[in-house]
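Note sheet for the following structure.
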Amino acid sequence: MLLKEPKFKDKYFLFSHPKVPLVIFGVNQNVYSEVNLDYIKKNKIQIFRRAGGGGGGAVYVDPGNLTYSFFDTDDGTNYLNFKKYAQPIINVLKKLGVDAQMSGRNDLTVDGKKFSGMAALKIGDRFYCGGTLMVDVDLDAANKALNPPKSKLASKGISSVHSRVTNLRSYFKPQYKDITIDQIREMILQEVFDTNDVSTIPTYKLTQEDIDAVNAQVKKSFGGPDWVMGKQYHDDYFHSNHYDGVGNIEFSFSVDKGIITHAKIFGDFNRAGGNLKEIEDKLTGTPYKKDNLVEAFRTSSLEHNIGKVTPEQMTDLLLDAKYQEG
């Protein structure tokens, strides 16, 4: 609503704090390759899919997590400028004693371990950019719930979810060891709005009309099993690779008598709103040969629909067996 409704043209800042464990996916991600569904079902962890995905992968959140979101208007320089919107968060964490750093295109880290992943979504000239803050998250549960593609982990030189993420509390200065998430939220608000008194911050309270509009949109577009889970494909091949500055790109595809008979694209790449069907349709019916694949990718608007990857890179991804996920 903050992206679509004409009355919301100002800059907004929003927090969310889950009361129960959740796993949240990007819009183009494949649920079946990202998580341990048996563990999630057994432990009654809820699954949601967000409308955006540019930069963000699947995340596990629980009451030990705080999520922050900026809503802004694109001026040609600020959309996907993760560093700009991460800076207030980094400033607060440094006050708390955390040597927080921006890592890669959209991660916040300390001692080389990730505690926040950022994502973005753009509709028209409006967009949001936000991320998670792991303060006291159950890391064991996160490790068991998430099962990311091996290529995503290998690209970062690590072997498991547990080894690459960390909670923030152990890094806080002694005087902040017992700080609450509500107190951290207040410090972030003071930083974002450059004030010592949060009561002076202009606040918009949703009306019943707003709430009804949100619920109607959720019912129409999101939240149903088809939207959340997606379809499980049983193709011949599932190839995946991580591309710096773009994200993870995955192809599920089948080949019969040397011809691609089906192709489906997944991933957490920047262009969450790209037309992936354009690429999938170009591939379907194409001979599974280098020259033919390069031509199919060349005519399918790769940069607009996925990001800055080349037809040759995508052809290599489909042809080389080293990208096959086991």
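The values are calculated or read from the model by the stated rules, or taken from the named source; none is laboratory data. The shown structure was predicted, so the numbers you read here are calculated from the model rather than taken from an experiment. Positions of Cβ are backbone-derived with ideal geometry, glycine not excepted, and every protein chain shown enters the neighbour counts.
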- line: A careful count of residues in region 113-140 that are under 21 Å from ASP74 (Cβ atoms), charged (D, E, K, R) and not in a loop (DSSP other than H, G, I, E, B) gives 2
message: Being within 21 Å of PRO18 (Cβ to Cβ) and touching a residue at least 40 places away in the same chain (Cβ under 8 Å) narrows it down to one residue among LEU108, LEU66; which is it?
response: LEU66
message: Given the options THR77, THR67, name the one that is part of a strand (DSSP E or B) and among the polar types (S, T, N, Q).
response: THR67
- prompt: Within the bounds of region 93-104, is there any residue that is in contact with an Asp or Glu (Cβ under 8 Å, 6 or more places away or on another chain) and either within 30 Å of PHE251 (Cβ to Cβ) or without any contact (Cβ under 8 Å) to a residue 40 or more places away in the chain (or both)?
  reply: yes
query: Mind checking which residues of region 279-326 are of a type in the set (D, E, K, R) and part of a helix (DSSP H, G or I)?
result: GLU280, ASP281, LYS282, LYS290, ASP291, GLU295, ARG298, GLU303, GLU312, ASP316, LYS322
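Quick grid of which residues meet (1) among the aromatic types (Phe, Trp, Tyr); (2) within 13 Å of the chain's Cα centre (by Cα):
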{"position": "PHE8", "(1), (2)": "yes, no"}
{"position": "SER16", "(1), (2)": "no, no"}
{"position": "VAL27", "(1), (2)": "no, yes"}
{"position": "LYS42", "(1), (2)": "no, no"}
{"position": "GLY64", "(1), (2)": "no, no"}
{"position": "ASP74", "(1), (2)": "no, no"}
message: Checking GLN232 against (1) touching a His at 6+ places or on another chain (Cβ under 6 Å); (2) within 19 Å of ARG50 (Cα to Cα), only one condition comes out false. Which one?
response: (1)
task: Could you check region 178-278 for helices (runs of 4 or more DSSP H) lying wholly inside it with 3 or more residues that are loosely packed, with under 11 Cβ neighbours inside 10 Å?
output: 208-221
- request: Sort out which residues of region 37-64 are modelled with pLDDT of 90 or more and in a helix (DSSP H, G or I), and write them in order of number.
  value: TYR39, ILE40, LYS41, LYS42
message: Among the residues of region 93-105, are any modelled with pLDDT under 90 and in a strand (DSSP E or B)?
response: yes
